[in-house]
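The values are calculated or read from the model by the stated rules, or taken from the named source; none is laboratory data. Only a predicted model underlies this, so the values are computations on that prediction, with no experimental measurement involved. Glycine also receives a Cβ, built like all others from the backbone with ideal geometry; neighbour counts cover every protein chain displayed. Surface areas here come from the heavy atoms of the whole protein model, side chains and all, with no ligands, DNA or RNA. Shrake-Rupley method; radii C 1.70, N 1.55, O 1.52, S 1.80 Å.
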Amino acid sequence: MSSEHLHPSGRLPRAFLVPGSSSFTDFLAAHAPTLLPSGRALPPGTVPEAPHGTTIVTVEFDGGVVMGGDRRATMGSMIANREIEKVFGTDEFSCVGIAGTAGLAVELVKLFQVELEHYEKIEGTLLSLEGKANRLAAMLRANLGLAMQGLAVVPLFAGYDLDDREGRIYSYDVTGGCYVEHHHHSVGSGSLFARGALKKLWRPGLSADQAVRIAVEALYDAADDDSATGGPDLNRRIWPVVGVVDAGGYRRVADEALTEVVQAVVNDRLGDPGGAERRGSPGGPAGAPSGQVGEVQS
């Protein structure tokens with residue numbers, strides 16, 4: 001906290017020492033609004049070009065949900081970063097993926113993580129999954145002014161519903177609209193291509209390993225047609241970030257396990273870049289991934 005927010009005596013103001021709102025965002029809006037992205041006025045002039053994150057996919061499986069994001073950030077026709085991470089665990093049972101203005105999106109995710117932790121500390125319980133989705137929608141609505149000036153953030157939120165014991169997916173628009181999605185979804189510049197793959201590969205009763213394989217295949221298809229989406233970089237060994245959320249909580253798939261999945265997808269696409277031949281073969285019907293994910297890391 002900067003010195004401008006401290007009491008002249010050097011102690012924290014009373015507002016920091018008494019119980020208040022369970023929303024950390026509301027607390028900041030009341031006491032230090034300039035710390036919020038929406039509380040900072042943009043300087044006059046044209047908004048400079050900034051790195052953008054692209055494709056995020058999510059897939060429901062039997063008992064949870066998988067989310068994956070490619071690693072490329074672009075700025076115009078240039079690759080701004082090859083290793084940006086766009087999928088984050090937000091608390092023990094949820095995760096979020098980001099597309100749009102990268103710097104603003106990462107700041108929004110960090111604020112959302114604190115928002116959920118603050119609620120848990122004040123209320124002494126976890127917020128429901130729907131409640132978390134609605135909190136994220138409210139934060140997006142507060143950023144509408146920035147979005148209208150070209151600094152838009154479009155997240156994809158998913159998690160494990162402790163009451164219904166299943167994975168759920170929520171999508172958003174830049175105005176803060178929040179929508180429940182069923183089975184799978186994707187956002188970002190490569191989302192149209194990824195969504196086509198998800199429609200062909202998803203089926204009821206998937207395992208977590210199969211859902212991870214489908215997420216990687218969808219990102220592969222997105223990268224095949226969208227220049228802003230990064231595919232598996234075999235030379236630099238840069239793989240997508242993939243997270244799993246189920247009754248055991250959120251965990252990120254370890255790079256060692258993901259290497260096997262990525263390599264299997266690449267091998268299966270040799271001479272068959274669209275994957276149609278394998279999907280139509282007796283050993284590889286639609287949505288029957290063969291890769292095993294194995295160990296994941298927290």
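Observations
- Most mobile of Gln210, Gln263, Gln149 in a GNM of the chain (Cα contacts under 10 Å): Gln149
- Leading residue at positive end of dipole, the chain (Cβ point charges), from Val266, Val153, Ser38: Ser38
- Among beta bridges identified by DSSP and lying wholly in the chain, the antiparallel ones come to about 100 percent.
- Surface accessible to a 1.4 Å probe, Met78 within the full protein complex, Å²: 120 Å²
- Of Ala80, Ala152, Ala41, the residue with the greatest mean-square motion in the GNM of the chain, using alpha carbon springs below 10 Å, is Ala41.
- The chain, accessible surface, carbon-and-sulfur percent (1.4 angstrom probe): 52 percent
- Cα-centre dipole for the chain with unit charges at Cβ (Lys and Arg positive, Asp and Glu negative), debye to 20: 540 debye
- Taking Leu28, Leu270 and ordering them by how much accessible surface each has at a 1.4 Å probe, largest first, produces Leu270, Leu28.
- In the context of the full protein assembly, Ile79 retains an accessible surface of approximately 70 Å², using a probe radius of 1.4 Å and ignoring ligands and nucleic acids.
- Listed by chain and number, the aspartates and glutamates whose C-alpha is less than 12 Å from the C-alpha of Lys200, apart from same-chain residues fewer than 8 away, are Glu217, Asp221.
- In straight-distance terms, cross-link reach from Lys110 covers every one of the lysines whose alpha-carbon lies under 28 Å from its own, apart from those fewer than eight places away in the same chain; here that gives Lys86, Lys121, Lys132.
- Residue-normalised accessible area of the range 208-257, given per residue in Å² at a 1.4 Å probe: 35 Å²
- Based on protein heavy atoms only, the range 58-140 ends up with 38 Å² per residue of surface accessible to a 1.4 Å probe.
- Along the range 136-149 the Karplus relation, 6.51 cos²θ - 1.76 cosθ + 1.60 evaluated at θ = phi - 60°, assigns HN-Hα couplings of 5, 5, 5, 5, 5, 4, 5, 9, 4, x, 5, 4, 5, 9 Hz to successive residues, with x for each Gly and Pro.
- Between 0 and 90 degrees, the angle of helix 191-201 with respect to the longest Cα principal axis of the chain falls at about 50 degrees.
- Label assignment, percent of Cα pairs over 33 Å apart derived from the structure, set [x] 35; [y] 41; [z] 26: [z]
- Cα centroid separation - the range 123-169 against the range 173-243, whole Å: 19 Å
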